[in-house]
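Each value in this text was obtained by applying a stated rule to the coordinates, not by laboratory testing. Note that this is a predicted model, so its numbers are computed, not measured. Here the Cβ positions follow ideal geometry from the backbone for every residue, glycine too, while neighbour counts run over all protein chains shown.
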Amino acid sequence: MIPAPAPAACDARTVPAPLQDSPIRDLLEKTAASERLTFDDGVRLFETDDLPALGWAANLARERRHGEVAYYLLNRHVNYTNVCKYDCMFCSFYRKEGQEGAWTWTVDQVLEHVAAYKGAGLAEFHIVGGVHPTLPFSYYTDMLRALRREHPTVALKAFTAIEISYLAEISGLSIRDTLVELKAAGLDMIPGGGAEVFADRVRYKVCREKADADRWFEVHETAHALGIPSNATLLYGHIETIEERVDHLLRLRALQDRTGGLLSYIPLAYHPDNNRLEKLGAPSGIDALKNVAVGRLLLDTVPHVKAYWIMLGLKPAQLALSFGADDLDGTVTWERIYHMAGATTPEGLSEERLREVIREAGRVPVRRDAFYNRIAAEAA
Amino acid sequence: MPSVTSPLLDRAYEKAAAHVRLSPEEGVALLEAGDLNLIGALAHRRRMHLHPRNEVTYIVERNINYTNVCVTYCRFCAFYRRPGHKEGYVLSHDEIGRKIEEILPHGGVQILLQGGHHPDLPVAWYEDLLRFLRRRFPRIHVHGFSAPEIEHIARVSELPVEETIRRLREAGLGTIPGAGAEMLVDRVRDEIAPLKTTTAAWLDVHRTAHRLGMRSTATMMFGHVETPAERIEHLDRVRALQDEHGGFTAFILWTFQPDNTAMWRVPRLESHQYLKTAAGSRLYLENVRNLQPSWVTQGPRVAEVSLRFGVNDMGSTMFEENVVSAAGTTFAMNASEIERSIRAAGFLPRRRNVYYDEVAA
């Protein structure tokens with residue numbers, strides 16, 4: 001039963017011999033032919049048990065875009081407050097004002113927290129926080145101006161669509177004018193958070209107070225029109241169905257078809273500790289890799305897929321580099337949102353360690369800036 | 001930039017798909033140039049060929065390390081203490097008995113009994129312990145004393161290896177764990193464990209045990225100073241010995257954990273090489289039926305993935321782990337977590353004994 005003389009096993013245009021019997025062979029062929037996948041295809045990809053076949057297809061799509069390269073950056077998180085008006089069921093990070101463990105930094109405290117990074121070559125501050133009930137709009141623009149003044153070479157990736165939607169409420173400005181003000185203050189890019197799962201059914205159950213999907217898209221689409229790129233996320237592994245995941249991805253694909261403003265897609269695994277959905281447990285390693293791979297395959301016009309190691313764990317994130325991801329995110333150095341939800345990863349990694357992890361996966365590590373421009377590459 | 005292909009690699013894929021034995025050159029090609037997902041796809045297909053039922057097994061077993069006193073000073077080890085060290089210990093029969101009593105309510109069926117190479121314990125000490133265990137816990141299977149320990153006991157007691165194994169078996173030893181194999185390549189052993197059992201001696205202990213009708217497991221600890229070709233050399237020796245008597249029940253592999261060891265400078269392997277080498281082992285060791293992941297070093301998330309990359313068994317509940325965990329971050333799983341992982345990977349969990357017979361949960 002030796003198969004007929006096989007075509008070269010990894011020829012990008014054909015399905016290799018070891019996968020000829022795969023139950024998703026037709027989808028592997030579509031990938032090999034660079035055909036766009038449908039809603040039903042996406043559902044089948046999530047449902048398949050043939051994990052290596054899914055990985056092969058996603059890796060092919062990744063390889064066509066990025067060759068052997070895997071990106072990382074030097075970055076620092078700034079979680080300026082954990083005080084939040086909302087009570088999302090999946091969140092372990094938020095506190096109410098005055099509650100034990102609540103913090104809100106003044107602009108000076110924000111600067112103090114990142115002062116040590118002056119001249120360290122950081123590419124990006126990732127700035128996200130709770131939806132604070134009393135901080136004025138000027139706090140946010142002052143923070144951006146101060147950071148730009150003190151760290152002129154560091155890109156400011158700040159405020160999820162949820163925060164921005166709220167800033168529009170408190171400033172009395174339109175989304176567009178809010179973004180114009182933030183951009184004038186230094187905003188370079190918008191992180192992908194707050195997307196959670198777009199389906200109303202899910203949002204109603206786990207985060208009903210939060211801005212809805214339309215509002216999330218309005219913020220991102222407006223940002224793109226203003227020349228502000230953004231990322232997109234999906235929070236998976238709680239109560240959402242596979243159809244709701246695929247719907248989420250296809251809505252993102254439609255946005256990208258309209259604007260081209262998404263730089264990267266980041267599937268986020270729900271973390272079960274210290275929140276009201278605890279009993280669900282953590283999503284499996286298989287689910288983690290499927291989310292990376294299906295994201296890569298469905299979002300055929302989004303350039304990058306990020307395996308956010310601090311949330312996935314370093315080991316699954318490294319495997320994700322063979323399942324469609326081309327980016328491990330960064331050195332981070334201080335992270336609260338996932339660690340308060342039970343993440344056991346270190347809160348930061350050295351650049352050399354990130355490079356080793358990428359090399360072990362057979363990829364060439366390339367340091368990038370916030371916009372995926374290469375800063376330093378090296379031969380394998 | 002398509003992945004590397006070569007006629008050698010293509011032949012390796014074809015032979016693996018057809019369940020034909022791979023040559024060492026083909027094995028090296030798979031590990032060096034093979035695509036992780038294609039190797040994984042083939043490994044899973046091999047696994048389903050050998051184990052067509054949609055099940056993954058595990059065993060309720062406790063690790064017991066009877067002593068940490070050791071005179072072998074391996075550079076990769078953070079567990080041992082030199083004789084006379086204030087942290088050195090030898091467990092009493094009572095202490096070991098208490099540890100076993102703790103697992104009985106959890107359905108424990110077996111202990112993995114291993115320890116350092118204590119310079120002063122003669123074979124009679126081990127025989128006494130085994131007889132005590134058989135008397136107190138007649139239903140608990142003792143999977144114990146790796147090849148280096150048996151060689152050490154033989155040396156301390158001035159007995160031949162075969163006589164040592166016979167006496168231990170007589171006293172109640174059931175099966176022999178595969179630990180201490182590390183890499184069965186003398187160049188590598190000279191570098192990382194110069195005082196430990198040689199390759200030939202490790203193989204001889206297992207060969208002798210198999211000849212006497214005992215079963216054992218085989219292991220590999222990699223990710224330190226070895227090359228991919230040396231990994232295949234290791235697998236090749238395991239496969240050749242398996243051809244002789246078929247005595248290995250399973251193959252288990254884990255990556256070297258460098259923290260707190262004399263080799264702390266070695267970069268830690270994460271999971272890419274682990275998964276690829278595990279899947280490659282499934283293909284290369286076509287005469288060994290069972291493959292276990294090391295969730296203690298790789299974690300439950302990677303162990304779940306490995307179940308789709310050729311692995312068919314989740315190993316043991318351990319209850320305690322002292323050796324690898326002395327050398328860095330490790331993970332813990334109890335029976336319900338193991339079952340949850342197995343289900344998350346799409347399989348039904350089944351409890352087993354050391355011979356891979358199903359036991360009631």
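Taking label positions 7 Å along the Cα-Cβ direction at both B:Asp128 and B:Glu87, the computed distance is 2.7 nm, reported to one decimal. Mean silhouette area of the stretch A:171-235, derived from the convex hull of its C-alpha atoms and averaged over all directions, reads 4.5 nm².
Take peptide A:18-27, look around each residue's Cβ out to 10 angstrom, count Cβ atoms belonging to other protein chains, and average those counts. List each step's numbers first, then the result.
Values: counts 14, 6, 1, 3, 2, 0, 0, 0, 0, 0.
The per-residue average across the peptide is 3.
Determine the sum of side-chain charges near A:Ala254: Lys and Arg each +1, Asp and Glu each -1, restricted to other residues whose C-beta is under 11 angstrom from that of A:Ala254. Intermediate values should be presented prior to the final figure.
Values: positive: A:Arg251, A:Arg253, A:Arg258; negative: A:Glu221, A:Asp247, A:Asp257.
Cβ neighbours under 11 Å give a net charge of 0.
Just order B:250-261, A:103-114 by mean Cβ neighbour count inside 10 Å, highest at the front, would you? The partial results should precede the final answer.
On the way: B:250-261: 21.3, A:103-114: 15.6.
Averaged packing, sorted descending, gives the order B:250-261, A:103-114.
Unpaired Cys in chain B, meaning no second Cys C-beta under 4.7 Å: B:Cys70. Packing-based ranking of B:312-322, B:38-48, B:206-216 yields B:38-48, B:312-322, B:206-216, ordered from highest to lowest mean Cβ neighbour count within 10 Å.
Were the residues from B:Arg139 through B:Val359 laid out at 0.36 nm apart, the gain over their Cα-Cα distance would be 77.9 nm. Against chain B, whose longest principal axis comes from its Cα atoms, helix B:228-245 is set at around 70 degrees.
For the pair A:Ile239 and B:Arg155, what calculated FRET efficiency results from E = 1/(1 + (r/R0)^6), where r is the Cβ-Cβ distance and R0 = 60 Å, to the nearest 0.05? Don't skip to the end; give the middle numbers.
Values: r = 61 Å, r/R0 = 1.02.
About 0.50, to the nearest 0.05.
Protection proxy ranking of A:231-243, B:343-355, by the mean of other Cβ atoms within 10 Å over each peptide's residues and highest first, is A:231-243, B:343-355.
Please work out whether the stretch A:69-376 counts as rounded, prolate or oblate from its C-alpha gyration tensor, where a ≥ b ≥ c are the square roots of the eigenvalues and a/c under 1.5 means rounded, while otherwise a/b larger than b/c means prolate and anything else oblate? In terms of gyration-tensor shape, rounded. When chain B is described by a simple charge dipole with +1 on each Lys and Arg Cβ and -1 on each Asp and Glu Cβ, the residue from B:Pro177, B:Val311, B:Leu30 located farthest towards its positive end is B:Val311. Against chain A, whose longest principal axis is taken from its Cα atoms, helix A:213-225 shows a tilt of about 90°. Looking at chain B as a GNM with Cα springs under 10 Å, which of B:Arg53, B:Arg289, B:Arg21 has the largest mean-square fluctuation? For chain B, modelled as a Gaussian network with Cα springs under 10 Å, the answer is B:Arg53.
Over every pair of different alpha-carbon atoms in the stretch A:17-66, take the mean of 1/r and invert it; report that Kirkwood radius in Å.
Values: mean 1/r = 0.0910 Å⁻¹.
Kirkwood hydrodynamic radius for the stretch A:17-66: 11.0 Å.
Look at the stretch B:341-347: the mean tally of other chain Cβ atoms within 10 Å of its residues' Cβ atoms is 3.
Could you work out the local net charge near A:Glu243, counting Lys and Arg as +1, Asp and Glu as -1, over the other residues with Cβ closer than 11 Å to its Cβ? Can you show the working numbers first?
Numbers: positive: A:Arg201, A:Arg245; negative: A:Asp40, A:Glu47, A:Glu240, A:Glu244, A:Asp247.
Computed value for this residue: -3.
Sequence-ordered 3J(HN,Hα) estimates for the stretch B:60-75 from the Karplus curve with 6.51, -1.76 and 1.60 and θ = phi - 60° stand at 8, 9, 10, 7, 10, 9, 5, 8, 10, 6, 8, 10, 9, 6, 5, 6 Hz, glycine and proline given as x. In this simple spin-label approximation, A:Arg36 and A:Tyr204 carry label points 7 Å from Cα along the Cα→Cβ vector, and these lie 3.0 nm apart. The amide H of A:Val83, built 1.01 Å from its N in the peptide plane, has A:Arg95, A:Trp103, A:Gly130 as neighbours under 5 Å, considering only residues 5 or more places off or on other chains.
Return B:Leu104, A:Leu19, A:Leu263 ranked ascending by Cβ neighbour count within 10 Å, so the fewest neighbours appear first. Walk me through the numbers before you get to the answer.
Working: B:Leu104 13, A:Leu19 24, A:Leu263 21.
Final ranking by Cβ density, sparse to dense: B:Leu104, A:Leu263, A:Leu19.
Footprinting exposure proxy ranking of A:Ser284, B:Ser336, fewest other C-beta atoms within 10 angstrom first, gives B:Ser336, A:Ser284. The angle separating the long axis of helix B:335-344 from the principal Cα axis of greatest extent in chain B is about 10 degrees. The alpha carbons of chain B give a radius of gyration and a Dmax of 19.6, 65 Å, in that order. Taken over the protein assembly as shown, the convex hull of the Cα atoms encloses 159 Å³ per residue.
Please compute, for peptide B:298-311, the average count of beta-carbon atoms on other protein chains lying within 10 Å of each residue's beta-carbon. Before the final figure, lay out the partial values.
On the way: counts 3, 6, 4, 14, 8, 2, 9, 12, 2, 4, 10, 4, 1, 0.
Shielding by partners across B:298-311 averages 6.
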